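Comments concern the structure below.
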Amino acid sequence: HPLPGAEYYINLHFSEGNRQVGTRQLKLPVEAPKTPYIPQISYIDIATNGSRVTVWGENFEVVIEKGLICRFVKNGKTVFDAPMEFNMFRAHTDNDGIMAINPWFFRTAEIWREKVMESIGFFAYGITAEKTNKGVECIVKGKILPNGKYYGFDATIKYTIYPDGLIAVSVEAMPYGN
C-alpha cells in the first residue's frame, strides 16, 4: 500500500557487457492522497513583553525574542535554548562560476559571499502576536542585511504556532539597495 503523499520511482540501468551505457528513472503511477495536518485541540496561551513573545501549551513552550525563536521546549525537554541565526546561504553550483573554464569567467559565487553571506543578520523593528482559530500567529517585521551595509531585504517573518507545538514559518523578503 502506498504511503500518503509518497512518490515512487523505478531506476533502470542499461549495460553492454560490464559497461553501463545508460540510465533512466521512471515515476510509477502509484498514488495515495496526502492527509491534511489537523492540529490537536488543546490549550494554548500567549504573553508579550516588548520584543519578547512567549507561547505555551500543554506540552510545549516557544520564546521569540527580537524576531527569532530563541527557546523551544517540547514534552519537558529543551530542544534548544539559544537564539536561532538567520541563514540565507546555499551551496554553490557550477552555475555560480565556481568551476570556471577560464580565468575571465564571471564568478558570482564570490561576489555573493563578499557582499552578503558572511555577516547577514535579521534585525526586527516590529512584532505582533495574537490567538487565531489555528493557534497563535506571530508576525515580525524587520530587515535582513549584512552589518553596516546599505542594502538588504525588508522582511516579514510569520510564525504560526499550533496547539500541539508544531511551528510553521514563512519569510517574505523584498530587496533594496545594490
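The values are calculated or read from the model by the stated rules, or taken from the named source; none is laboratory data. The shown structure was predicted, so the numbers you read here are calculated from the model rather than taken from an experiment. With ideal geometry, Cβ positions are generated from the backbone for all residues, glycine too; neighbour counts draw on all protein chains shown.
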- Task: Considering each of Val116, Val62, Val55 in turn, give the residue that is among the hydrophobic types (A, V, I, L, M, F, W, C) and modelled with pLDDT under 75.
- Result: Val116
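Restricting to region 16-69, and then to whatever is part of a loop (DSSP other than H, G, I, E, B) and of a type in the set (S, T, N, Q), can you tell me which residue is farthest from Tyr162 (Cα to Cα)? Full working, then the answer.
Going through region 16-69, the residues part of a loop (DSSP other than H, G, I, E, B) turn out to be 17-18, 28-43, 50-51, 58-59, 66-67.
Narrowing further to those that are of a type in the set (S, T, N, Q): 18, 35, 40, 42, 51, 59.
On the way: Asn18: 55, Thr35: 17, Gln40: 8, Ser42: 9, Ser51: 21, Asn59: 11 Å.
Checking each candidate, the answer is Asn18.
Residues in region 12-50 that are acidic (Asp, Glu) and more than 30 Å from Val140 (Cβ to Cβ): how many?
Within region 12-50, the first condition is being acidic (Asp, Glu), and the residues that meet it are 16, 31, 45.
Those still in the list that are more than 30 Å from Val140 (Cβ to Cβ) too: 16, 31.
Total satisfying the criteria: 2.
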- Message: On the basis of being exposed (fewer than 10 other Cβ atoms within 10 Å of the Cβ), within 22 Å of Thr128 (Cα to Cα) and without any contact (Cβ under 8 Å) to a residue 40 or more places away in the chain, does Asn18 make the cut?
- Response: no
- Task: Name the residue, out of Ile41, Ile46, Ile10, that is exposed (fewer than 10 other Cβ atoms within 10 Å of the Cβ) and within 26 Å of the chain's Cα centre (by Cα).
- Result: Ile41
- Message: Any residue at all in region 141-164 that's within 18 Å of Glu65 (Cα to Cα), of a type in the set (A, V, I, L, M), modelled with pLDDT of 85 or more and surrounded by fewer than 18 Cβ atoms within 10 Å (Cβ to Cβ)?
- Response: no
